[in-house]
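For reference, the structure is listed below as structure tokens.
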Amino acid sequence: METNFRKTNLDNIQNATIVNERSLFASVFTWMFVALGITTACSLVFAYNADLGNLLFKFDEFGNRVGTSVIGWIVMLAPLGLVLVMNFAFNKLSFISLMGIFFGFATLMGISLSSIFLMYRLDSIGVVFASTCALFGVMAVAGYTTKADLTKMGSLLMIGLIGIVIASLINMFMKSDTMGYVISIISVIVFTGLTAYDVQKIKALAEANDGSSDFKKLGVMGALTLYLDFINLFLSLLRLFGKRD
């Protein structure tokens, strides 16, 4: 009996790659959606429970808000620290530890984002969230299906991201509405592109799947990356199109 070994091997490799891609993306999007769910729940709880929400602010003797409390500053700054821990201690952290830090990060992000419910109308937040889901979904599919190499585009987008961070820090002191508007427009462009780029990068990682613990941890890091793309895209669109109370 004649057997076409070349065809069999290629088919096996192709099938294994497809299985790896599906497995990795299932992990990435599962953790991402769980994290978004945690963020949403914590955000709503702190927004609509006055006792919890007031922990984030300082008040004068008349009950007026006069600034951010120590707890509020911790909630705002701690997520950055957790992201750095996840990246720099990746090899030392176990899968369970990495998951715990990721969900802790999502919790703190939700508490921090509770302030948007004080600034924007609920129906406006809902519309922008739905729009973000649609745009994110389209770009994720584009990143997964495109044959073009997005590496060069990703490098340019990362430069743009650095520019956004620097400009945002400057605008914290300038407090220019015009500059803030421009930063939001650029942010939408950058994070829309990064969504496609990051999905393609995650797809490439699937080819190296060896079933190890480190590879499972890469699924968590992929979820973190897409989570950040989604949240930043949502906040940028909200600043542009959200209707304030």
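So the values come out like this:
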item: Any hit, segment 55-76, residues being under 21 Å from residue 220 (Cβ atoms) and surrounded by 19 or more Cβ atoms within 10 Å (Cβ to Cβ); result: no
item: Residue within segment 191-201 that is loosely packed, with under 13 Cβ neighbours inside 10 Å and free of Cβ contacts under 8 Å to residues at least 60 places away in the same chain present; result: no
item: Residue within segment 78-101 that is under 25 Å from residue 244 (Cα atoms) and surrounded by 17 or more Cβ atoms within 10 Å (Cβ to Cβ) present; result: no
item: Residue 132 vs. criteria at pLDDT 95 or above, out of contact with any Lys or Arg (no Cβ under 8 Å at 6 or more places or on another chain) and polar (S, T, N, Q); result: yes
item: Matching option when the condition is under 17 Å from the mean Cα position of the chain (by Cα) and modelled with pLDDT of 90 or more, among 163, 110, 126; result: 110
item: Residue check, residue 76 in contact with a Ser or Thr (Cβ under 7 Å, 6 or more places away or on another chain), of a type outside the set (Asp, Glu) and within 29 Å of residue 193 (Cβ to Cβ); result: yes
item: Filter pass, residue 39 being closer than 24 Å to residue 140 by Cα, touching a helix residue (DSSP H, G or I) at 6+ places or on another chain (Cβ under 9 Å) and at pLDDT below 80; result: no
item: Index of the failed condition, residue 214 passing every other in (1) surrounded by fewer than 17 Cβ atoms within 10 Å (Cβ to Cβ); (2) touching a Ser or Thr at 6+ places or on another chain (Cβ under 8 Å); (3) within 20 Å of residue 95 (Cβ to Cβ); result: (2)
item: Test for residue 230: is it modelled with pLDDT of 90 or more and under 20 Å from residue 34 (Cα atoms); result: yes
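The values are calculated or read from the model by the stated rules, or taken from the named source; none is laboratory data. Note that the structure is a prediction, hence the values are computed from the model and not measured. So basically every Cβ, Gly included, is an ideal-geometry build from the backbone, and we count neighbours across all protein chains shown.
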